[in-house]
Amino acid sequence: MNRWLKYGLIWNISLLILSMLWQLASIENQIDNALHGAYAPFSIGDRIHIFGTDYFGYDLLNHFISGFSLSVFNALVILVFSSIIALLLGVLAGYFANDGIRLRILSLFMLILLLVDIAYLFFIVPSPDILILFLPFIIVLTFISLDYRLWRTKYVFIPFDRIISSLYEIMGSLPKFILLICLVLFLEPNWLGYACILSVLTWVQKSRIIRAEVIKVKTAYYIDAAKALGIKDLWIIIRHILNNIQETILVTRIYAFGNLFLLDASLNFIGISGVGSNVSWGNILAQYRYDLSAWWLLLFPSIGLTLFLIPLFSLAKYLENKTN
Amino acid sequence: MIKFIAKRLLRWLPSFVAIILLSFLFCLNVPGDASLSEDQNTGTVNQLIVPNTYHLPLFYFSLKPYNWNIFLNELSQSHYKDLAELLLAYSGDIHAVKKQIRNINNTSIALTKLYSEGKIEAYTYKKDISALSNLKYVKSLPIKVSGSKPYQILLKDLNAFEFHDNAWKRYIPCIYWIGQNNIFHQWLSSLINGDWGQNTNGQPVKKLIFTAFSKTLFLAFVSLLLAVMAIPISVHLFTINSGLSKLIIKFLQTTISIPRFIWALVFLFLLANVLNWMDPLVFKQLDRGYSKNYFWYLVPAGAMVFPFVAFLQDQIQTQLRVEFNKDYVKTALAKGMAKRQVLYRHVLKNSLFPFITSITHLIPVLLSGSVLVERIFGIPGLGDLLIESLKGRDFPVIIGITFLLSIIISLSYLLGDILYQIFHPKVKIDS
């Protein structure tokens, strides 16, 4: 490992710990009345401001650290959500492919009928009579009793790979950044909704990589051996496949974390924030745009972003080179 | 080849439909009440959103109960529509329902007239009006409306409405084909015909968007030129192999992860504040014709492609290094060719094709990345317009921009895939 990479990671970790302690101490950022209505670099108003103040007289150091911890928290939550979606669909498409899971025709019919039933219940919702609620179940029962033995013996395969691959293609050709702005604007979500929208729009690339890795690992002999021994699919996936692709997952996760952090910063720069508070690095940079002579508003967040992202991406690249 | 293109087009179709449906949904669910008002006077404000057809059905077909009638769509007021639907469900006689709705309407008009003449009190008036149009009271007809004598005759008509026990028909779903007379069709046809409506200031949206789009396109074109120029420069850097070139390569490798909006801000700071060369408002002046120095577009374009150039340079370096370890290069070097000769005559042909196609992947990045960079430099382009309308909640403009950019970006993904297939016929994109 490179000397500079080590220093960078130490810097990142210490920044994280500092911001956590800062949140625990819950220091409130109060307006400095002596500096209200003016940008000021390193200054002493009512208190000392090492990083200076913004236009309203808020301490920039406080904004800097609490904004960092909020962005990291946001990025982590979105990362977890999108990773869950990506992992689930990637493994489904990769491991089960087009012939992994077979269903009895009867079960398939039951499933479809159940969905139709639920849709029908929504259809009659304006004035449901109690008796009518049982109608769908009666229909299903008649279907079951029609020709039970014949359907029991026939099977169909569910083409997970084909379905999920076309989902990748549809999601992949949607413009993420623009759609994201519009969705956040129109749905006016709370914090959790914001995280959900971002994770739904960003899982595709990760899932593609996971699918390719799973397909690569799946052909190994020990998987065949495990199958021959009668070990269940779920256990094979957890014990053997996920174990073998965890390094790749880690690398893509680090890249994704950096990108999400960046995305959060750029959305905040535009003026869209999920948390509801306008404390973030992107927000400080947006304030810099109003007065170009306030150099400290540019300097600290941009150096912070650079010094946070470079070690992160270098670490990912280092791990990538190590695994290959 | 043609088969592949056809297949790819077929796969692009769902995302195209998704974009259209999404922007339609955006139009319908615009926050606020201006768009949803049925008043004809405010209809001009949000023409793109609701083209004065709000009373029509949503889509080409709709799922309705068996005893539903198309007449219900002709009712322009939505609370009467719900009422009529319920009345029809319980009576089944369309003529009776029509008559009943007319009676209810007449009664409410009579009530309003009485109220304006001061013959009934405000409390009774409100109670009666809500009783007339409230779904809760429908099942308990005849309607018991309080009030004075003058409209007792009308009430007699109202109470004459008969209920048949046709409720079972309500539980049988039926698909009704509505035809072209629906909101979606009108919206789409106005979109295609170029009638994009007006924004909140009364300016035509289409003109606003396309004047802004020309600037974004120019910026994207300049950035694309810069990105293409980066390829020969990085190949040249590989051949020089001096201290300076190593320094440049190291610099590019470390700055690969710095985002483009930081670059844009730093460039702006250096040129406009430290060196005082650039007027921060230069792009506004270019737009208004006060200045003709279009070379300033190189600055935002440089900020836009900087991370991409660093990435491209890194990729080219690794690719060339891999290629130089191959046997045919060793043979050529052993024959006595210079390193530069080998590079330009043999290696480039084999290793540069991936980068021609990766340039096409830059188009969506440029179009959506321009949102931030244009904002920073104050270029009156599409991104700047988008953020301005976000702040002013100018929904027709936002929807127009989303629609246009989405279509272009998804088309450029399609183009990239097709070009990739043309340049690498051996690589099969998994179908």
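The values are calculated or read from the model by the stated rules, or taken from the named source; none is laboratory data. A quick note: this is a predicted structure, and the numbers were derived from the prediction, not measured. Note that each Cβ is placed from the backbone with ideal geometry, even for glycine, and that neighbours are counted across all protein chains shown. Surface areas here come from the heavy atoms of the whole protein model, side chains and all, with no ligands, DNA or RNA. Shrake-Rupley method; radii C 1.70, N 1.55, O 1.52, S 1.80 Å.
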- Message: Quick check on region A:216-223. Is at least one of its residues open to solvent by 10 Å² or more (accessible area, probe 1.4 Å), farther than 29 Å from B:Val373 by Cα, within 14 Å of chain B (Cβ to nearest Cβ) and in a helix (DSSP H, G or I)?
- Response: yes
- Query: Does region B:318-331 include one or more residues that are touching a residue at least 60 places away in the same chain (Cβ under 8 Å), in a helix (DSSP H, G or I) and of a type in the set (A, V, I, L, M, F, W, C)?
  - Reply: yes
- Item | Residues satisfying the stated conditions in region B:409-419, i.e. within 14 Å of chain A (Cβ to nearest Cβ), within 11 Å of B:Ile5 (Cα to Cα) and either among the hydrophobic types (A, V, I, L, M, F, W, C) or in contact with a Pro (Cβ under 9 Å, 6 or more places away or on another chain) (or both) | B:Leu414, B:Leu415, B:Ile418
- Query: Residues of region B:346-379 being farther than 30 Å from B:Phe283 by Cα, of a type in the set (Ser, Thr, Tyr) and either free of Cβ contacts under 8 Å to residues at least 60 places away in the same chain or outside the structural domain of B:Gln317 (by TED's automatic domain parsing) (or both), which ones?
  - Reply: B:Ser351
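The rows are residues; the columns are (1) part of a helix (DSSP H, G or I); (2) modelled with pLDDT of 70 or more; (3) away from every other protein chain (no Cβ under 14 Å); (4) open to solvent by less than 70 Å² (accessible area, probe 1.4 Å).
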{"residue": "A:Ile132", "(1), (2), (3), (4)": "yes, no, no, yes"}
{"residue": "A:Ile138", "(1), (2), (3), (4)": "yes, yes, no, no"}
{"residue": "A:Leu150", "(1), (2), (3), (4)": "yes, no, yes, no"}
{"residue": "A:Val156", "(1), (2), (3), (4)": "no, yes, yes, yes"}
{"residue": "A:Arg162", "(1), (2), (3), (4)": "yes, yes, no, no"}
- Message: Tally up the residues in region B:411-426 that are outside any helix (DSSP H, G or I) and open to solvent by 40 Å² or more (accessible area, probe 1.4 Å), please.
- Response: 2
- Item | Filtered residue count, region B:181-208, keeping only those that are among the charged types (D, E, K, R), touching a Gly at 6+ places or on another chain (Cβ under 9 Å) and not in a helix (DSSP H, G or I) | 0
- Message: Among the residues of region A:285-294, are any within 11 Å of chain B (Cβ to nearest Cβ), part of a helix (DSSP H, G or I), open to solvent by less than 10 Å² (accessible area, probe 1.4 Å) and closer than 30 Å to B:Asn276 by Cβ?
- Response: yes
- Restricting region B:250-273 to residues that are open to solvent by 30 Å² or more (accessible area, probe 1.4 Å) and in contact (Cβ under 8 Å) with a residue 60 or more places away in the chain, which is nearest to B:Pro300 (Cα to Cα)? B:Arg260
- Note on the structure: Picked from region B:381-407 (must be outside any helix (DSSP H, G or I) and open to solvent by 10 Å² or more (accessible area, probe 1.4 Å)), the residue nearest to the other protein chains (Cβ to nearest Cβ) is B:Arg393
- Subset of region B:80-117 that is among the aliphatic types (A, V, I, L, M) and within 14 Å of chain A (Cβ to nearest Cβ) - its residue that is nearest to B:Phe161 (Cα to Cα): B:Leu87
- What is the residue count in region B:19-28 for residues that are open to solvent by 30 Å² or more (accessible area, probe 1.4 Å) and within 9 Å of chain A (Cβ to nearest Cβ)? 2
- Item | helices (runs of 4 or more DSSP H) contained in region B:219-316 and holding at least 2 residues within 13 Å of chain A (Cβ to nearest Cβ) | B:243-254, B:260-268
- Kindly establish whether A:Ile209 is open to solvent by 20 Å² or more (accessible area, probe 1.4 Å), over 30 Å from B:Ile398 (Cα atoms) and over 16 Å from the mean Cα position of the chain (by Cα). no
- Query: Which of the residues spanning region A:164-194 are part of a loop (DSSP other than H, G, I, E, B) and more than 10 Å from every other protein chain (Cβ to nearest Cβ)?
  - Reply: A:Pro189, A:Asn190
- Message: Quick check on region A:295-324: of everything there that is at the interface with another protein chain (Cβ under 8 Å from one of its Cβ atoms) and of a type in the set (A, V, I, L, M), which residue is most open to solvent (accessible area, probe 1.4 Å)?
- Response: A:Ile310
- Item | Hits in region A:81-115 (condition: open to solvent by 80 Å² or more (accessible area, probe 1.4 Å) and part of a helix (DSSP H, G or I)) | A:Ile84, A:Leu88, A:Phe109, A:Leu111, A:Ile112, A:Leu114, A:Leu115
